[in-house]
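Laboratory data are not the source of any read-out in this text; all were calculated from the coordinates shown. Predicted model only: the values in this text are computed from it and were never measured. Virtual Cβ from ideal backbone geometry, glycine too; neighbours counted across all protein chains shown.
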Amino acid sequence: MMIIPAAAALICLLTRQRRVYEYATVAGAAAMVFIALSIAAGVLRGLVIKSPGGMIYVDALSAFMLVIIALLSFVAAVYSVEYMGNELTAGHLDKKAHRYYYLLYNLFIFTMVLIPMANNLAILWMAIEGTTLVSALLVGTYRRRESVEAAWKYIILCTVGITFALLGTFIVYYASSGALGEGKGVLEWTALTSMASRLNPATIKLGFILIIVGYGTKAGLAPVHNWLPDAHSEAPTPISALLSGILLNCAFYGVMRFAVIARASCGPAFVRDMMFLFGISSVVVASVFMLIQGNVKRLLAYSSIEHMGIIALSFGVGGPFGLYASLLHILNHAIGKPLMFFVTGRIKGLYNSVESEGISGILKAMPLMGVIGFIGVMALAGAPPFSMFVSEFLMLRALAAGGYWYVMGVFLATGGLVFYGLLKNFGGMFLGAPSMPLPVGAAVYKSKTSFITGTVMFGMAMALVVMGIYIPGPLDRLITLSAGIIGG
Amino acid sequence: MPRQWVVVYSITDFITIGMLLTVVAMNSIKRIETCLRAYTLNSLLLALLMAISAFYLDAAHLYVAAAFTLVSKGIAIPLFLKKVVRDLKITREVEPNINTPLSLVITSVLVVVVYSSLSKGIFIEGFTENTLKVSVSIILISLFIMITRRKAVTQVIGLLLMENGVFLAGFSLTYGMSTIIELGVVFDVLMGVIILGVFLTQIKKSFAKVDLDKLNTLKG
């Protein structure tokens with residue numbers, strides 16, 4: 001599993017033939033999808049994969065994350081071939097930068113694949129820090145003033161955040177050595193969870209706060225989200241999709257693993273309160289900023305913060321419904337958000353702009369993109385019958401069952417703001433008479449999407465629709481199993 | 001026990017206080033190369049502390065960790081940053097947002113707060129009992145330096161000092177983790193510095209200056 005992206009990266013390093021490294025990336029990603037699905041099938045049969053040294057451990061939750069990572073890296077790879085090819089012909093970047101893009105792309109996937117497979121919490125930390133380093137370079141791909149600025153902010157803020165997470169990891173280790181005796185501490189997640197009730201609650205509390213601040217920075221939870229809109233809006237579109245579709249979830253995965261320990265050690269109330277704190281501030285901050293955004297990519301970035309907030313909230317409620325909703329929402333967001341970034345990338349190709357003002361009538365100018373985009377927007381806004389409605393509804397049900405009415409109130413109010421913010425911008429873009437495409441962009445970009453890219457995007461949109469009505473059996477079992485792991 | 005003199009003369013305290021002082025001194029240093037020297041001294045002290053603890057505890061893996069720290073933080077990173085600084089032709093820090101006397105006062109307040117609040121809570125026995133307090137102070141002061149300084153290079157040095165602080169804290173809490181983990185973490189830090197160096201050059205190219213005040217186009 002880990003070897004494939006590493007090998008693909010090596011190919012990018014060795015060859016200068018554009019077609020060769022493009023195909024290597026796509027083929028590698030396709031192979032990863034296959035392996036991830038077979039791992040998931042194995043996990044469903046009750047297998048747990050462990051490496052001899054105990055460094056690698058794959059259970060249902062890891063398999064769930066692996067499937068998301070593999071699928072997303074595949075669709076983004078397919079999209080990259082067309083998008084980055086267009087950027088190359090348009091002269092936005094040179095050949096060398098184009099090749100480095102694919103090299104870094106594969107390294108990025110490599111570090112992200114490592115995250116759910118790591119059993120050791122320090123390895124988890126290293127992998128997450130690795131994603132920051134690689135993706136910062138990807139954010140800076142264009143070397144424009146803004147992208148360099150965004151990359152700088154991104155790497156500084158996330159490194160500071162993750163340094164706190166390292167301290168948190170040390171403190172958890174200290175707690176374990178307090179329970180096991182001097183010098184015998186452990187960092188294996190499996191070992192820590194089995195002895196969690198014996199860990200000192202005060203120490204674990206401190207550790208968990210540092211962890212949630214640290215990985216929360218990376219997961220884009222407000223109030224430590226400031227890097228996110230910049231990085232998402234300045235990165236090349238496929239990378240924006242990967243950042244918000246899987247990177248945020250990978251960081252949140254780190255929080256989830258620690259939360260299992262914290263829940264067993266200092267009780268569910270503490271974890272719930274922390275999650276509510278970060279979740280509510282995320283949805284509030286995001287919904288307010290979404291009202292004033294004119295730049296569509298930034299709008300989508302703030303929407304990511306909102307959705308991470310929702311995931312945190314439903315994770316905080318806990319219980320079978322809350323956890324199920326949280327994981328389902330991770331999946332839905334990982335499909336819906338990249339899809340919208342892809343659509344935005346196409347629009348940018350045609351109009352050479354990502355400001356919602358001045359663009360209209362996309363439904364007529366690019367019918368396929370218009371329809372797909374419209375589905376995506378409605379899904380992101382949480383409208384029925386799309387998949388996000390299901391997970392949000394499940395969360396509301398869990399909240400109501402727990403009696404957290406104030407959280408429900410805040411969520412519903414911000415949900416309304418988000419709906420308005422999204423529709424105000426995207427509605428104007430999709431509907432109405434087509435504004436004339438600017439000649440600069442249109443001359444070099446094919447206005448028609450290629451068949452493969454179109455199929456992939458159409459498939460993603462269909463997934464949003466279908467999952468709103470029916471969740472396939474194996475997926476349902478996988479999520480239930482994962483929720484069981486978190487719920488203990 | 002013949003190794004007891006390490007504790008009797010409280011050598012660890014001397015070293016950790018030395019680390020704290022280098023960070024405090026960062027507040028008043030204006031020349032970038034002197035800042036780098038302060039960081040180098042800080043890292044060397046960290047490596048020394050690890051080596052002495054290795055001697056005291058008679059633990060081979062701590063010698064290895066000390067060697068890693070010495071080579072990466074004490075030698076490689078300072079040399080690399082020195083080269084970057086020379087290439088960028090920056091010599092002095094511009095006047096920070098908060099002037100030197102005030103920032104020294106704030107720094108000392110931070111130390112007092114850390115000492116008073118950590119006297120309860122986590123309690124560590126043994127020869128590193130003061131180390132945790134010092135390391136948390138170092139982390140906070142470095143964060144403060146990162147916030148107040150205007151040159152991007154100083155921000156990087158602040159980040160590195162903060163990482164040293166976390167290493168110190170981790171060390172006092174765990175007496176060193178397994179070697180492979182130390183190696184991995186150090187490797188990540190090293191890569192981070194190199195990438196930050198790359199970005200410093202890019203900032204210089206696209207903004208003509210490496211002042212952070214210039215990085216203000218992206219808002220809202």
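If you plug each phi of the range A:85-101 into the Karplus form 6.51 cos²θ - 1.76 cosθ + 1.60 with θ = phi - 60°, what whole-Hz ³J(HN,Hα) values come out, in order, with x for Gly and Pro?
For the range A:85-101, the Karplus curve yields x, 4, 4, 5, 5, 6, x, 6, 8, 8, 4, 5, 4, 4, 5, 4, 4 Hz.
Which residue, B:Phe171, B:Phe199, B:Ile138, has the largest displacement toward the positive end of the dipole of the range B:137-220 when charges sit on each Cβ (Lys, Arg +1; Asp, Glu -1)?
B:Phe199
Can you list residues from other chains, or at least 5 along the same chain, whose modelled amide H is less than 5 Å from the amide H of A:Asn120?
A:Trp189
Quick one: Cα centre-to-centre distance for the range A:77-102 and the range B:29-83, in angstrom?
The two parts, judged by their Cα centres, are 41 Å apart.
As a check on your grasp of the helix formula, calculate [θ] at 222 nm for the protein assembly as shown: sum -39500 (n - 2.57) over DSSP H runs of n ≥ 4, divide by the residue count, round to the nearest 500.
Calculated mean residue ellipticity at 222 nm is -26000 deg cm²/dmol.
Charges on Cβ only, +1 for Lys and Arg, -1 for Asp and Glu, centred on the Cα centroid of chain A; of A:Ser176, A:Ser197, A:Thr217, which one is farthest towards the dipole's positive end?
A:Thr217
Which entries in A:Lys95/B:Lys151; A:Lys218/B:Lys73; A:Lys218/A:Lys348; A:Lys348/B:Lys205; B:Lys89/B:Lys151 show an alpha-carbon gap greater than 23 Å?
Too far apart for the 23 Å limit: A:Lys95/B:Lys151; A:Lys218/B:Lys73; A:Lys218/A:Lys348; A:Lys348/B:Lys205.
Which ³J(HN,Hα) values, rounded to whole Hz and listed in residue order, are derived for the range A:337-354 from phi using the Karplus coefficients 6.51, -1.76 and 1.60 in 6.51 cos²θ - 1.76 cosθ + 1.60 with θ = phi - 60°, glycine and proline given as x?
Once θ is set to phi - 60°, the couplings for the range A:337-354 become 5, x, 4, 5, 5, 4, 4, 4, x, 5, 4, 4, x, 7, 9, 6, 7, 10 Hz.
Taking the Cα centre of the range A:20-148 as the origin, how large is its charge dipole in debye, to the nearest 20, when only Lys and Arg (+1) and Asp and Glu (-1) carry charge on their Cβ atoms?
My answer is approximately 160 debye.
With viscosity set to 1.306 mPa s at 10 °C, what whole-number translational diffusion coefficient in µm²/s follows for the range A:327-406 from Stokes-Einstein and a Kirkwood radius over Cα pairs?
The Stokes-Einstein estimate is 112 µm²/s.
In debye to the nearest 20, how big a dipole does the protein assembly as shown give about its Cα centre with +1 on each Lys and Arg Cβ and -1 on each Asp and Glu Cβ?
1340
If amide H atoms are built 1.01 Å from N in the plane of the peptide, which residues on other chains or at least 5 residues away come under 5 Å of the amide H of A:Tyr404?
Residues meeting the criterion, in which the H sits 1.01 Å from N, do not exist here.
Tell me, how many Å apart are the Cα centres for the range A:332-393 and for the range A:113-156?
26
Residue by residue, what Karplus-based ³J(HN,Hα) values in Hz, rounded to whole numbers, does the range A:28-36 have, using 6.51, -1.76 and 1.60 with θ = phi - 60° and x for Gly and Pro?
So the J values, rounded to whole Hz, are x, 5, 5, 4, 5, 4, 4, 5, 4.
What are the aspartates and glutamates whose alpha-carbon lies under 16 Å from the alpha-carbon of A:Lys424, with same-chain residues fewer than 8 places away excluded?
Within the straight-line limit of under 16 Å, A:Lys424 reaches these aspartates and glutamates: A:Glu355, A:Glu357.
Can you sort A:Leu478, A:Leu431 from fewest to most other Cβ atoms within 10 Å of each residue's own Cβ?
In increasing order of surrounding Cβ atoms, one gets A:Leu431, A:Leu478.
Can you sort A:Thr480, A:Thr141 so the residue with the fewest Cβ neighbours within 10 Å comes first?
Neighbour counts put them in this order, fewest first: A:Thr480, A:Thr141.
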